[in-house]
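The values are calculated or read from the model by the stated rules, or taken from the named source; none is laboratory data. Given the structure is predicted, the values throughout are model-derived calculations rather than measurements. A quick note on method: Cβ atoms are made from the backbone with ideal geometry, for glycine too, and the neighbour counts reach across all protein chains shown. These area figures cover heavy atoms from the full protein model, side chains too; ligands, DNA and RNA do not enter into them. Shrake-Rupley method; radii C 1.70, N 1.55, O 1.52, S 1.80 Å.
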Amino acid sequence: MKSARIGDPVLRVEDERLLRGTAAFLDDVDCGQGSAHVAFVRSPHAHAHVRSIDTTHAAGAKGVIAVFVAADFAAEIKPIAADFAAPGFKVTERLVLAMDRVRFVGDTLAMVVASDPYLAADAAELVEFDLEPLPAVTDTVAALASSAQRVHESIPDNVVFEGAFESPGFAAIHAAAEHRLSERFVASRVSAVSMEPRGCAARFDAGTGVLTIWSSTQVPHMVQTSVAEHLGMRESDIRVLVPEVGGGFGMKANVYPEELLVAAAARRLGVPVKWVQDRYDDFLTSAQARDHTYEVEVGFTRDGVLVSALADVVVNIGAYASLPFGSSLEANGAPRNLPGPYKLRNFKYRTRAVTTHTCPTGAYRGVSGPLVFFVMEGMLDRIARQLQIDPAEIRRRNLVTDFPYVNVLGLQYEEGCFLPALERALVMVDYSGLRKRQKDQPKSDARSYGVGIAVVTEQTGMGASRYKARGLFRVPGFESASVRVESDGTVTACISQAAQGQGHATVFTQIVSDYLGAPPEQIRIVEGDTARTPFGTGTFASRGMAIAGNALCGAAKNVREKMARIASAILECDAGDVEFRDGHAHVVGVPAMRASLRDIASVAYSVGQQQPRPRESHGLESLEYYDPPSVVVGSTVHIASIELERRTGKVRIDRYAVVHDCGRMINPTLVDGQIQGAIVQGLGEVLMEKILYDDQGQPLTISLMEYQLPRCADVMPMSIEPMHSEAGAHVFKGVGESGIMAAVPAIANAIADALADLSPEVSVNQLPLTASVVLDLVRGGPQC
Amino acid sequence: MAEAGDDARFLAGGQSLVPMMNFRVARPRTLVDLGGCDDLAFVRRDGDRLRIGAMTRQTDVESNELVREFCPMLCQALAHAGPLTVRNRATVGGSMANAYPLAQLPCVAVCLGAEMVLQRPGGIRSLCADDFFVTAMVTSIESGELLREIVFPCASPRTRQAFKESGNHAGGTALAIVCGCADGTDVRIAVSGVDSKPLRLRHVEELRSREPVAPANQHARYAKELALVLLDDVMKQLGT
């Protein structure tokens, strides 16, 4: 049986169960006899005083086991305070069930537990409440106004996080720049809309005192620590299990009030309790993202060399800071990503997170990257237009080419290939041909052509030090893995993360197989089980391979060393001459001299004729932790070419080229999949997706009828090529997010390019650019 | 149905009503399933008319030879009426009775001046499509009445028909629909998306203007832009 290697395009090992329907998602989990089901009663008002809640009718309804309101759990569940008291932060509290105030449509008034989910939903409608509506603020302009309605009594200006930076001598250098350009950018709020919405379940074993929680989450260990913290339990009494997860995209990297409530209800009632979210509730309550405003001004030379950048960032975080990332995730991430791949030496920013009466926000693929690069790449194109220099040439003049490079914020780029990647992408897309087509196009054409370029960096695999520096104290930062060769020679690897469909089992299997020579079918990957896996942070921020992958390599390497020692005794050779492949240890250069993994394991576990040598311990197992010293910088170049239909504003992408650097690839097919999926989400963010609230805070996008997502027929072919520097060949870099970070600016810039000839006065400074928005821009306005 | 009164609903193909019940928007106390009413599923030629039973499944209509020959616009429209799996269950009558303002079939019915045959215990009445559709999701069907069949005029060999729609996605819900039928100087054009129900565009038919209509609201503003483009395509196809 053949072993797999790192770098092979191995078929996904999890697809058998996922495609044949034998995989169990949260809704499929059997939590045990007498399972009860939950429906939550959500506030219909964005801001209101809760006068009273009457549960009498609901409690008496068919099948109802219990109806809980705030008072029922007041002593049992601590309020959520997502942020720590640190400079720049103001701590706010969220009650998992609203007591006297609701702060967004979707805030939770009551929890109904019934014998089946339909009866729970029926009874939820019978909960009566008396709410006194209060004025609501939904956007940051209103929330920052001097007399604005406060979202939290203790925060008079609604600003819950503020950060700033200024490089030495900024003011003078910026003022002295030969040219300056300023712009205001506004980007809408979006929702992750994972195929499977959220859900969780819990069962309390009164005998052992163990609380088992199943959750459709990306962060099982943080669910464990958060439940322990908020329910006053011991972590050793809590086991969090993650079934198959139908997409998370960051939205499931939060710990939600529902997880605390379902756990508390299971403990209180003594029966298993399950909650499965529907799409409507997903649109009301699952963490949304983006919703930023940028005021920027860049200084540059007459040759188009970037001198300075000044940015004022405002992020609408909704009603509450979310666990575990708190209020600063996007607000702090945005300016920290702004320098990107460019030689920007002078930078000043202020950034603020503002509360409003809208759904809380959290992580979503790319976090602030897609927007901050929409801004930066948009400014580069504006410089190009003003100076009449080609956009590709402007980038050539500004890209970092000498490594290692320390950017203006102190972030080190060890190595990279920004410029060669740009040159390759230009060839792939036939850039000069596209420009010629544009130039030769007759004015009478019903279509306009546009080309957009984006070069972006992706800060992947952030370690503990980065999270501490950003004030995200709840995020551990490291990952871990244990590898155990069982006594029959099969392998179990337990990893601190959880998968959401991206193919973890496949790539982790490849790593183990490469190190130990075990064939993939004899390797079991265990994730998403806090009782079996060592502690770690979770799956988000492109951490999987960059951090957990390295932890796994370390553990597998340790096990291999011990296996080599045992094999050397069997094969009577030097341990250094043993190599592992295809299920066997071989003596280098003498392929016939071999011992199977089963033979080696039988020695290690003493289940055969031999036992380990004196001084060699029993077992074949290793646990490794990996914490990257800082962050691993990946990068990508995207070039999009579009056709814009002048009469309808519809945009069709006709060519799309990607050159990406994620260093050493473990599985190129999965890398392509990450990039393709992220580009599709980027396409949605530019052309379609927009969460909308009216001025009273009523959400208007509450189903997939109103919230437009890309579908198969909207997706164009893409050419994707990998590239890395010589040093980059040895580094696993994350690749989950560069796709969306570059797709958003590339497509937006292509639209701006198409519009530049049609309506030179308009500025493409908003997202999304739906067909109706584009049509308005074709006609010269209105703009945001 | 008579017993259950106003809280009852007929269930045809269930492709709109069932999702609305899932959303708890529609809450009929009683459902009367028409699934077993085979005598409501037919396509018949009756002189210069084509009679289609309300319970005829959309895919059956789309592939029906008589429909292809005598009412080709219906086949074109049905190709847009949701994915095949939906059309396999969905019925012609169900879509009409549901009166979703951007559904394809109501627009065709208004364009062609279809006759909607309603049955009640002991009686039958007919309404022209213009009068049948009242506003979004509302028709002239009265309590206790059932839409039994839809009667379309047959196209002659020299009749031209065209159907165009435009939306956010290929295969997705339309934002605007324009369909037209020309028989010599007799031109009929209908549009959906600019108002709460399909509209005949008599001023366009009489070639007095190319403007569809003023959009009913802000949301319909972009739909009107699309309708203008579609209208050009339809007029071109009709050769007018």
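Of note:
- The loop-placed chymotrypsin sites (Phe, Trp or Tyr not before Pro) in segment B:3-108, going by DSSP, that have at most 15 neighbouring Cβ atoms within 10 Å of their Cβ come out as B:Phe23, B:Phe42.
- For segment A:197-310, projected area of the alpha-carbon convex hull averaged over all directions, nm²: 10.9
- Cross-link pairs A:Lys650/B:Lys236; A:Lys78/A:Lys252; A:Lys468/A:Lys733; A:Lys468/A:Lys557 - those with Cα-Cα distance over 23 Å: A:Lys468/A:Lys557
- Burial ranking of peptide ranges A:214-221, A:665-672, A:707-714, A:244-251 (average Cβ count within 10 Å, highest at the top): A:214-221, A:244-251, A:665-672, A:707-714
- Charge context of A:Val735, other residues only, Cβ under 10 angstrom, K/R +1, D/E -1: -3
- Interatomic Cα distance distribution for segment B:83-154, bins of 5 angstrom, percent: 3, 17, 28, 26, 16, 8, 2, 0
- For segment A:373-524, diffusion coefficient by Stokes-Einstein and Kirkwood Rh (Cα), 25 °C, 0.890 mPa s, µm²/s: 120
- Buried area at the A-B interface (accessible, heavy atoms, 1.4 Å probe, summed, Å²): 1500
- Per residue, the protein assembly as shown exposes an accessible area of 39 Å² to a 1.4 Å probe, with every protein chain left in place.
- Largest to smallest accessible area among A:Ser602, A:Ser719, A:Ser480 [probe 1.4 Å]: A:Ser719, A:Ser602, A:Ser480
- Cα gyration tensor category, rounded, prolate or oblate, for segment A:235-295 with a/c compared to 1.5: prolate
- Cα-based Rg of segment A:342-418 normalised by 2.2 N^0.38 Å, two decimals: 1.39
- The spacing between segment A:193-239 and segment A:645-663, judged by their C-alpha centroids, is 42 Å.
- One way to sum up the overall shape of segment A:466-574 is the equivalent ellipsoid from its Cα gyration tensor, whose semi-axes run 29, 15, 11 Å, largest first.
- Rg to Rh quotient for segment A:75-179, alpha carbon positions, Kirkwood Rh: 1.18
- Interatomic Cα distance distribution for segment B:97-240, bins of 10 angstrom, percent: 12, 41, 32, 13, 2
- Anisotropy class of segment B:38-128 from Cα gyration tensor, a/c 1.5 cut: rounded
- For chain B, radius of gyration divided by Kirkwood radius, i.e. Rg to Rh on alpha-carbons: 0.96
- Computed over neighbours whose Cβ is under 13 Å from that of A:Glu414, the net charge equals -3, Lys and Arg +1, Asp and Glu -1.
- Our summary of shape: the Cα atoms of segment A:111-159 have principal axis extents of 49, 19, 19 Å, ordered from largest down, in whole angstrom.
- Viscosity 1.567 mPa s, 4 °C: Kirkwood-radius Stokes-Einstein D of segment A:381-457 over Cα pairs, µm²/s: 89
- Dimensionless Rg over Rh [segment A:657-784; C-alpha; Kirkwood]: 1.06
- With the gyration tensor restricted to C-alpha atoms of segment A:741-784, the semi-axes of the equivalent ellipsoid amount to 17, 11, 8 Å, longest first.
- For segment A:616-687, taking the reciprocal of the average inverse distance between every pair of different Cα atoms yields a Kirkwood hydrodynamic radius of 16.3 Å.
- Kirkwood radius, segment B:141-197, all distinct C-alpha pairs, inverse of mean reciprocal distance: 14.1 Å.
- Global size of segment A:537-645: 21.0, 78 Å for Rg and Dmax (C-alpha atoms, Rg to one decimal, Dmax whole).
- The mean count of C-beta atoms from other chains within 10 Å of the C-beta of residues in B:162-171, rounded to a whole number, is 3.
- Apportionment of accessible area to carbon and sulfur, chain A, percent (1.4 Å): 51
- Cα centroid separation - segment B:93-127 against segment A:345-370, whole Å: 51
- Sparse-neighbourhood loop sites, trypsin sites (Lys or Arg not before Pro) in segment A:211-266 - DSSP loop, at most 15 other Cβ within 10 angstrom: A:Arg234
- Summing charges over all other residues whose Cβ lies under 13 Å from the Cβ of A:Ile666, with Lys and Arg as +1 and Asp and Glu as -1, gives +1.
- A 1.4 Å probe over all protein chains sorts A:Arg615, B:Arg51 by accessible area into A:Arg615, B:Arg51, starting with the largest.
- When you work out D = kT/(6 pi eta Rh) for segment A:476-525 at 10 °C and 1.306 mPa s, using the Kirkwood radius from C-alpha pairs as Rh and the Stokes-Einstein form, the result is 140 µm²/s.
- Nonlocal amide H pairs with A:Ala110, under 5 Å, H built at 1.01 Å: A:Val41
- Orientation-averaged projected area, Cα convex hull of the protein assembly as shown (nm²): 47.4
- The tail of the calculated P(r) for segment A:1-66, taken as Cα-Cα distances beyond 17 Å, holds 71 percent of the pairs.
- Our compactness index for segment A:424-478, the C-alpha radius of gyration over the empirical 2.2 N^0.38 Å, is 2.16.
- A simple packing score, the average count of other Cβ atoms within 10 Å per residue, orders the peptides A:52-64, A:96-108, A:134-146 as A:96-108, A:134-146, A:52-64, with the highest score first.
- Accessible surface of segment B:1-135, 1.4 Å probe: 49 percent of it comes from carbon and sulfur atoms.
- Computed from the alpha carbon atoms alone, the convex hull of segment A:128-222 holds 311 Å³ per residue.
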